[in-house]
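Q: Please find one structure pasted underneath; my questions will follow.
The values are calculated or read from the model by the stated rules, or taken from the named source; none is laboratory data. Remember, predicted model here, so these are calculated numbers, not experimental data. Glycine also receives a Cβ, built like all others from the backbone with ideal geometry; neighbour counts cover every protein chain displayed. Heavy atoms of the whole protein, side chains included, go into the accessibility calculation; ligands, DNA and RNA do not. Shrake-Rupley method; radii C 1.70, N 1.55, O 1.52, S 1.80 Å.
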Amino acid sequence: MPRGISAEHRAQRAAILATAAEAFAEGGYPSTTMASLAERCAVSKSLLYHYYPSKDAILHDLTASYMRRLRDLVRAVESQRLPARESLAELVRRFVSEYETSRHHHMVLLNDVRHLPEALRAEVISLEREVVDAFAGVIGASYCIDRRAAKVLTMSVFGMINWTFTWLRPGGPISYPEFAETVVGMLEGGLNEGAARLKQMRKFK
């Protein structure tokens, strides 16, 4: 029987993806070459090709694996079988927490999926839709609205949390948990509640 992928092989691929995410986020996918990636990874170009046959393959693995991680977050919350509004709050907290440690991956997902060949792009978009649909299901159950209306609110929530990389920084004046709780407050009681929760959290720092 053929041997499975070794732990060392998986670790090297993960290291390549982390470096590629940083390179694509900083310099843009089109401008990043396999030669420059190999240099940043401190490996030869031939060794980089041993792990990934093309730059497209790296981008696909990076974005698809990241979306599967977000999908797994949704599934983990669903498995807790919390009341709908508690599930929504927990989803917001977990997604924002993930964004804190996956900033470059998230930037590449939002900016560079369009560069993938159609078949690979379709796979990533399918994963994105799966996550959006799951979020919409929770929002629909939370506020007793139909699927179409829930999708509008879902995209509004993602509008609040998905672009944090443009202004929210680890170690900055507002922490990711503080921001997550602010969003939860706004969902539950509008801007007044969001502000109140932020003030409460900062009082105990």
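Q: Please report the spacing between the Cα centers of region 32-75 and region 123-173 in Å, no decimals.
A: Here the answer is 26 Å between Cα centres.
Q: Tell me, what is the percent relative contact order of region 59-130, built from C-alpha pairs under 8 Å that lie six or more residues apart?
A: Value for region 59-130: 53 percent.
Q: Can you tell me, using C-alpha contacts under 8 Å and at least 6 residues apart, the relative contact order of region 1-123 as a whole percent?
A: Value for region 1-123: 31 percent.
Q: Here is a follow-up. So if a site counts as exposed when it's one of the chymotrypsin sites (Phe, Trp or Tyr not before Pro), its DSSP state isn't H, G, I, E or B, and it has at most 16 other Cβ atoms within 10 Å, what's the longest stretch of the chain without one?
A: Result, exposed sites excluded: 1-162.
Q: For the chain, what is the mean residue ellipticity at 222 nm derived from helices alone (per DSSP H run of n ≥ 4: -39500 (n - 2.57); sum divided by total residues; nearest 500 deg cm²/dmol)?
A: -26000 deg cm²/dmol
Q: Restricting attention to region 62-163, which trypsin sites (Lys or Arg not before Pro) occupy a DSSP loop and are surrounded by at most 14 other Cβ atoms within 10 Å?
A: Here the sparse-neighbourhood loop sites are Arg81.
Q: Still on this structure, I have one more. With every protein chain left in place, what is the accessible area per residue of the chain in square angstrom, probe 1.4 Å?
A: Per-residue accessible area for the chain comes out at 54 Å².
Q: Around Glu188, under 15 Å between beta carbons, what's the net of Lys plus Arg minus Asp minus Glu among the other residues?
A: Residues near Glu188 contribute -1 overall.
Q: Here's something else I'd like to know. Of [x] 42; [y] 54; [z] 49, which one was derived for percent of Cα pairs over 24 Å apart from the structure shown?
A: [z]
Q: For a test of the definition: using alpha carbon positions, the gyration tensor, and the 1.5 limit on a/c, classify region 1-87 as rounded, prolate or oblate.
A: oblate
Q: Here is a further query. At 7 Å along the Cα-to-beta-carbon direction for both Val132 and Ala195, put a label point, then send me their distance in nm to one decimal.
A: About 3.3 nm, to one decimal.
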